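Here's the structure we're looking at; comments come further down.
The values are calculated or read from the model by the stated rules, or taken from the named source; none is laboratory data. As the structure is a prediction and not an experimental result, all values here were calculated from the model. FYI the Cβ positions are ideal-geometry reconstructions off the backbone, even for glycines, and counts take in every protein chain you see. To get the accessible areas, we keep the full protein, side chains included, count just its heavy atoms, and leave off ligands, DNA and RNA. Shrake-Rupley method; radii C 1.70, N 1.55, O 1.52, S 1.80 Å.
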Amino acid sequence: QKEVEQDPGPLSVPEGAIVSLNCTYSNSAFQYFMWYRQYSRKGPELLMYTYSSGNKEDGRFTAQVDKSSKYISLFIRDSQPSDSATYLCAMSERNSGYSTLTFGKGTMLLVSP
Amino acid sequence: GAGVSQSPSNKVTEKGKDVELRCDPISGHTALYWYRQSLGQGLEFLIYFQGNSAPDKSGLPSDRFSAERTGGSVSTLTIQRTQQEDSAVYLCASSWPGIEDEQFFGPGTRLTVL
């Protein structure tokens, strides 16, 4: 079993839809949870960063963490064609004062006008 | 300010040749990471630098891979005797001291080994 599981998609939605992206993980030592967005032929860009269980909202984006279920989600409201990208979840635990990130494989999102 | 930059953006090489990939982190970022992203795969951690030291090299796939960092800034990833399975996008990321969870990525170098 891989440490982080993420459905690769693609997930196709019409413009304006609410999008739900999810990851599950097995390592209970993960403390920090992130979502990155990666456009084609670009590097990943940090979207959301959370530490504890609960919700964090930033504009149209909401990140949700449920540590008891080892499950994290990213919700996108009023999705736009410009949201079409691959979304990567990432998690980390501190090791002797530094963190390495463990990534999911990414979910490709396609938002059609 | 400027983001993380990487060069070259694309590199095509023949099997058996050596290649060098360069990363310029954001100024002031003491932590620097190299990752590899293969088609259909997630980001694979290769090596972590804190300053010029590499306390974690656990992700380097073989002794053909090495990396160095000088002046606490620029880093070079070297792949010797390249193989076709080395074809991938090599990504560099950097972060502020103490906030290593928030990593800023460069655009990557797309390596193709023929």
Relative pair counts by distance (%), Cα atoms of the range B:41-105, 5 Å bins: 4, 14, 26, 28, 16, 8, 3, 0
Derived scalar couplings ³J(HN,Hα) [the range A:6-19; Karplus, 6.51 cos²θ - 1.76 cosθ + 1.60; whole Hz; x for Gly, Pro]: 8, 5, x, x, x, 10, 10, 9, x, 3, x, 6, 8, 10
Relative contact order (%) - chain A, alpha-carbon pairs under 8 angstrom, separation at least six: 37
Cα Rg, Dmax, chain A, angstrom units: 13.7, 47
Spatial separation of Cα centroids for the range B:47-80 and the range A:12-88, in angstrom: 30
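How much net charge surrounds residue A:57 when only other residues with a Cβ under 14 Å from its Cβ are counted (Lys, Arg +1; Asp, Glu -1)?
Numbers: positive: A:56, A:60, A:77; negative: A:58, A:78.
Net local charge, residue A:57 excluded: +1.
What accessible area, summed over both chains, is buried at the B-A interface (1.4 Å probe, Å², nearest 100)?
Working: alone 6060 and 6280 Å², together 10630 Å².
That pair hides around 1700 Å² of surface in total.
Quick one: putting +1 on the C-beta of Lys and Arg, -1 on the C-beta of Asp and Glu, what dipole do you get for chain A around its Cα centre, in Debye to the nearest 20?
On the way: 11 positive and 11 negative charges, 47 e Å.
For this selection, approximately 220 debye.
Explain nothing, just the number: dipole magnitude of the protein assembly as shown about its Cα centre with +1 on each Lys and Arg Cβ and -1 on each Asp and Glu Cβ, in debye rounded to the nearest 20. Please list the in-between numbers first.
On the way: 21 positive and 24 negative charges, 69 e Å.
It works out to roughly 340 debye.
Compute, for the range B:1-107, the length of the dipole vector about the Cα centre, with Cβ point charges of +1 (Lys, Arg) and -1 (Asp, Glu) only. Units Debye, rounded to 20.
Values: 9 positive and 13 negative charges, 61 e Å.
It works out to roughly 300 debye.
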FRET efficiency estimate (nearest 0.05) - Cβ-Cβ, residue A:15 to residue A:52, R0 35 angstrom: 0.60
Kirkwood-based shape ratio for the range B:1-64, expressed as Rg/Rh from alpha carbons: 0.98
For the range A:104-113, Karplus couplings with θ = phi - 60° (6.51, -1.76, 1.60), whole Hz, Gly/Pro x: x, 6, x, 10, 7, 10, 10, 10, 9, x
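With a 1.4 Å probe and all protein chains in place, put A:82, B:66, B:94 in order of accessible area, largest first. Can you show the working numbers first?
On the way: A:82 75, B:66 55, B:94 0 Å².
Highest to lowest solvent-accessible surface, that is A:82, B:66, B:94.
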Candidates A:60, A:41, A:77, ranked by Gaussian network fluctuation over chain A, Cα under 10 Å, top entry: A:41
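Would you mind calculating the relative contact order of the range B:42-114 from Cα pairs under 8 angstrom and at least 6 residues apart, reporting the percent as a whole number? All intermediate terms of the calculation are to be shown ahead of the outcome.
On the way: 101 pairs, mean separation 15.4, N = 73.
Once normalised by length, the contact order is 21 percent.
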Top of A:12, A:84, A:99 by mean-square fluctuation, Gaussian network on chain A, Cα under 10 Å: A:99
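Return the percentage of antiparallel bridges among DSSP beta bridges fully within the protein assembly as shown, rounded to the nearest 5 %. Before the final figure, lay out each step's value.
Details: 74 of 82 bridges.
If I count the DSSP bridges inside the protein assembly as shown, around 90 percent turn out antiparallel.
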Whole-number D in µm²/s for the protein assembly as shown (Stokes-Einstein; Kirkwood sum over Cα pairs; 25 °C, 0.890 mPa s): 136
Stokes-Einstein D in µm²/s, Kirkwood radius over Cα pairs - chain B at 4 °C with 1.567 mPa s viscosity: 93
